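Taking it in order: structure first as C-alpha cells, then the write-up.
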Amino acid sequence: MPSVGVKIYSVFFKLLLRHRLQSLAAAAGAAADGDGDAAAFGVSCRADEATAPANPAFSAADGVASKDLHIDPNSALSLRIFLPTPPPHHPHLLHPRRASDPAAGQAGAPYRGYLPHAVSSPRAAASARRRLPIVVQFHGGGFVTGSNCSASNDAFCRRVAKFCDAIVVAVGYRLAPESRYPAAFDDGVRVLRWIAKQANLAMMSKVGGGVDTFGASTVEPWIAAHGDPARCVLLGVSCGANIADFVTRKAVEDAKQFEPVKVVAQVLMYPFFIGSVPTHSEIRLANSYFYDKSTCLLAWRLLLSEKEFSLDHPAANPLAPGRGGPPLKCMPPTLTIVAEHDCMRDRAIAYSEELRKVNVDAPVLDYKDTVHEFATLDVFLKTPQAQACAEDIAIWMKKYISLRGHEFSY
C-alpha cells in the first residue's frame, strides 16, 4: 500500500484538482459565446503552474541541454527540446573551434552546434554522422492542466534523454476547455509533421537549397543536425498516452505524409483510457489516489463538447467498437506502464492484450504499491520506483532505437 504521506498528499491533490476543474468548467461556460480566435489560439500552460526555465548549456547535473520553440504562430503550441551531451570520444561532433577544448561537451559547456559534415576524412565523416533517436513526449494533466515546461516534466524528459541517449521533444499541446477536442490531438500530428519537415529541409540544405534567404524555412539545428527521424518513439504520460496512441495511428495510417519520420515504437504510461462499460479496476478503485473516476469524468467533459461527449469516444476508449483507424496488427511495438492503485489500469492492460493477440510486441510493466503518475509527478520523481521505471523504459526502447540492437528484452 502507498505510504501515509502519499495518501495525505493525494487527498489534497484531488481537492485542489477538482476545484481547478470546476473553476475551468465555470469559466468555459461563461466564455461559450466568446472570441473564437482566442479559443483557436488556446493556452499550453496555466499561469498558476510552476515552470522550469530552459537551459541551452549542458547541465552539470545531467549533461542535458534544452531550449523552447514556438512552431506555430497561430496557436499556443510549443516545444521544449532536450539534447544529451555528446560522448567524449567524439570531439569532432562539436563545433571545430571547440574540438581542441578539453571542456567541450562536458557538463555545463554551452552548446555551440555540432557539424557532422565538418571533418577531414571519410572515416571521421562516417563516425561524425552519429544520429540520435527522437522521442516525442506528451505530458499528462487530464488534458486541462500540466505543461511541457513544468518542473516535473522537465526533470522527467531530462532523465529520458540521458538514459536513452536520445533527443526528446516535449510537446506543449493546447489545453481544454479553451481548446477542446481535437486540438491537442491535432497538435501532436502537427509536431510529427514539423519533425519531418526539419529532416527534409536538412537534406535539401546539404545540396544547396531548402533554406529561404529571408529565414522563412530555417532549419532547427538540434533536430536537423542530430536527429534520426527513422528512429522515432512516441511517449505519452497519462492523457498524453491517449495523444501518443492517436498520433501513432495517424502515422501508421498515412505514413507518406510523415516521411522520412518512422514511428518505431510507442510507450504508454498509465493511459487515461475510459469506457462506458466499467472495468474491474474502475469499480474497485473508483476512489483511487490522485485521479479518481469522478475527476476523470469531469476532465473528459472539459475536453469533449456536450454534443460529442461519450466515454466510448475514439480519444477515450482505444477498443471502442467502430473506432476506425489502422488494424491493430499494423501498430508498432507498444510498452504499457501501469500502477497497482490506478483505476484506469485494467483498460490499459486490455489494450495491450489485444495488441499481443495480433503479434505486436506489447509488454505490460506493472509496478506494485504505486499510483497514477508515480514516475512523473513531482513528489515521486526521486523515488526508487520512478527511477526504475525510467530505466525499464530505456532498456525496452533501446531494442528499437539502437543501431546495434540490444541484449535486453521483456
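Tabulated data for the structure shown
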read-out	value
Accessible solvent surface per residue of the range 251-410, calculated while the other protein chains remain in place, 1.4 angstrom probe, Å²	45 Å²
Solvent-accessible area per residue, Å², over the range 124-204 with all protein chains present [probe radius 1.4 Å]	25 Å²
Out-of-range pairs (alpha-carbon distance over 24 Å; input Lys293/Lys357; Lys197/Lys357; Lys67/Lys162; Lys14/Lys307; Lys293/Lys399; Lys293/Lys368)	Lys293/Lys357; Lys197/Lys357; Lys14/Lys307; Lys293/Lys399
Convex hull projection area averaged over all views, the range 226-293, Cα basis, nm²	6.1 nm²
Potential extension, Ser294-Ser59 segment - 0.36 nm per residue separation minus Cα distance	80.5 nm
Options Phe58, Ile71, Val43, ranked by Cα towards positive dipole end of the range 37-81, top entry (Cβ charges)	Phe58
Segment Arg301-Arg356, length gained on full extension (0.36 nm per residue, minus Cα span)	16.7 nm
Inter-label distance for Leu16 and Ala230, nm, one decimal - labels placed 7 Å from Cα along Cα-to-Cβ	4.7 nm
Protection-proxy order for peptides 375-386, 281-292, each taking the mean of Cβ atoms within 10 Å per residue, highest first	281-292, 375-386
Base-10 log of normalised Debye intensity for the range 194-326 (one unit scatterer per alpha-carbon) at q = 0.12, 0.13 Å⁻¹	-0.63, -0.70
Burial order of peptide ranges 241-251, 364-374 (average beta-carbon count within 10 Å, highest first)	241-251, 364-374
Candidate lysines - alpha carbon under 16 Å from Lys250, same-chain residues fewer than 8 apart omitted	Lys262, Lys329
Debye equation applied to the C-alpha atoms of the range 307-410, log10 I(q)/I(0) at 0.19 Å⁻¹	-1.08
Carbon + sulfur, % of accessible area of the range 276-387 - ligands and nucleic acids excluded, 1.4 Å	54 percent
Burial ranking of peptide ranges 266-276, 319-329 (average Cβ count within 10 Å, highest at the top)	266-276, 319-329
FRET efficiency, Met204 to Met1 (Cβ-Cβ, R0 56 Å, nearest 0.05)	0.45
Under 11 Å, Cβ to Cβ, from Glu259 - net charge with Lys/Arg +1 and Asp/Glu -1	+3
Total formal charge among the other residues, if their Cβ is under 13 angstrom from that of Phe374, Lys/Arg +1 and Asp/Glu -1	-4
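The values are calculated or read from the model by the stated rules, or taken from the named source; none is laboratory data. Treat the numbers as computed from the prediction; the structure is a model and nothing was measured. No Cβ is skipped: glycine too gets one built from the backbone with ideal geometry, and neighbour counts run over all protein chains shown. The accessibility values were calculated without ligands, DNA or RNA, using every heavy atom of the protein model including side chains. Shrake-Rupley method; radii C 1.70, N 1.55, O 1.52, S 1.80 Å.
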